[in-house]
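Values in this text are rule-based calculations from the coordinates and carry no lab data. All figures in this text were calculated on a predicted structure; none of them were measured in a lab. Note: ideal-geometry Cβ built from the backbone for every residue, glycine included; neighbour counts use all protein chains shown.
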Amino acid sequence: MITIALESERVEAGQSLQARIEWSCTDGRPTRLESTLYWFTEGRGDTDGRRIHTETLPIEEGQMTGWTQIDVRVPEDGPISYDGTLLKILWEVRSDLKVDRGSDERAVERVTVQPRSGMR
Amino acid sequence: MIDESLPPLPLFEEWFIPLIFVTLFGLGVAGVVMADGDRGMVALGVGMMVLAVGSASLGLWPFFQKMRKRRALALGGLALPRWPLRLGESVQVSLENQAADLSPNLVSARLVCREEVRGLADHVGRIPTPRAPATMHREVRSIDVEFHGPDEHSLRTGHLYLHVPPEAAPTFVARSNKVLWELNVRVDSQGVEREATFPLLVIPEVVA
């Protein structure tokens, strides 16, 4: 089981996104935990997307529970989250627990990226 | 300074074909008549040539007029005090028309935000249906822009006041999905309406 706890569900473009990711496994042998921040589009057109950051945490043999913290800077030029008529732009943090002799696990948490604040 | 993109005027129009054919035919007949050598026939041939060239010029006159008016209405471009634009920003943009004077009742402008997506598959219910690639556009915002002009020092320059809403989406350009901003300016002068589109860049920064 994986739990992603975001420090904040909203983050400004150019700011850091922090999350604590806890995992536990009861079946098989967990080998690594991969955490990714990415954006993608949804809607009437073909999907566009980009992986912004991926972190891999190796898991020692015999370890069946643990946690990690990610701290990723969202690009200044976004894109920002958007809910339009023909398209949506969505941001997510995803964690995948790779398990030998067992089934992999996945958790996904949605993030809202907002425009950064500027000076007048 | 942002330049507008002018759609090209067709260099060749369909009605040119009969006009060219008739002119060449007239010139050919005139040549045959003149070959006779007789003084009267030469005079007749010259007359026919003048008639043929004159008819061709008259036929082409509306086309030349259109070209002249078009040149006279060419917008010189936009001068922005800052670039790119930000969300929530209000700017005064300078608009210049190269040849014709600008008057408030002849100029109208709109700030437009539109989505553009390109896709291959459509869905009928839950079943994906393959189809040819298609691009779809939708205007998601259309904001009337105030025009003030012409300037005291130049009758061909005026100002547009743009305001980008703070809650709007900034420009986004990916392979198949886009959010685009543009300024559409329409000038009605000398009985000819012209529209020019100036693409704008809005960044994901909101003015505090």
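Ignore the peptide's own chain and count Cβ atoms of other chains within 10 Å of each Cβ in B:110-116; give me the average, rounded. Please report the intermediate quantities before stating the final value.
Numbers: counts 0, 0, 0, 1, 3, 8, 3.
The shielding value for this peptide is 2.
Report the relative contact order of chain A, percent, no decimals, based on alpha-carbon pairs under 8 angstrom and at least 6 residues apart.
Numbers: 294 pairs, mean separation 43.6, N = 120.
The value is 36 percent.
Which whole number gives the average, over all residues in B:200-208, of C-beta atoms from other chains lying within 10 Å of the residue C-beta?
On the way: counts 0, 0, 1, 7, 15, 12, 7, 5, 4.
The mean count of partner-chain Cβ atoms within 10 Å per residue comes to 6.
Above 19 angstrom, tally the Cα pairs of chain A and express them as a % of all pairs, no decimals. Could the numbers behind the result be given before it?
Numbers: 3611 of 7140 pairs.
Counting pairs separated by more than 19 Å, the tail of P(r) holds 51 percent.
What is the calculated FRET efficiency for A:Lys98 to B:Ile143, with r their C-beta to C-beta distance and R₀ = 51 Å, to the nearest 0.05?
Details: r = 50 Å, r/R0 = 0.99.
For A:Lys98 and B:Ile143, the calculated efficiency is 0.50.
Around A:Arg101, what is the net charge, scoring Lys/Arg as +1 and Asp/Glu as -1 over all other residues with Cβ under 9 Å from its Cβ? Before the final figure, lay out each step's value.
On the way: positive: A:Arg29; negative: A:Asp27, A:Asp100.
Overall, the nearby charge balance is -1.
Below 14 angstrom from the Cβ of A:Thr85, what's the summed charge of the other residues (Lys, Arg +1; Asp, Glu -1)? Write out the running numbers ahead of the final one.
Working: positive: A:Arg44, A:Lys88, B:Arg114, B:Arg138, B:Arg141, B:Lys178; negative: A:Glu42, A:Asp83, B:Glu115, B:Glu116, B:Glu139.
Local charge sum for A:Thr85: +1.
What average number of partner chain Cβ atoms lie no more than 10 Å from the Cβ of the residues making up A:51-64?
Numbers: counts 0, 0, 0, 0, 0, 0, 0, 0, 0, 0, 0, 0, 0, 0.
For peptide A:51-64, the averaged partner shielding equals 0.
Among A:Ile59, B:Ile143, B:Ile20, which comes first, then next, by fewest other beta-carbon atoms within 10 Å? It would help to have the intermediate numbers written out before the result.
On the way: A:Ile59 20, B:Ile143 15, B:Ile20 12.
So the ranking, lowest neighbour count to highest, is B:Ile20, B:Ile143, A:Ile59.
What full-extension length gain, to one decimal in nm, is calculated for B:Phe21 and B:Ser103 as 0.36 nm per residue of separation minus the Cα-Cα distance?
Extra length from B:Phe21 to B:Ser103 when fully extended: 25.1 nm.
How charged is the neighbourhood of A:Gln69? Take every other residue with its Cβ under 13 Å from the Cβ of A:Gln69, and add Lys/Arg as +1 and Asp/Glu as -1. Don't skip to the end; give the middle numbers.
Numbers: positive: A:Arg20; negative: A:Glu7, A:Glu22, A:Glu55, A:Asp71.
It works out to a net charge of -3.
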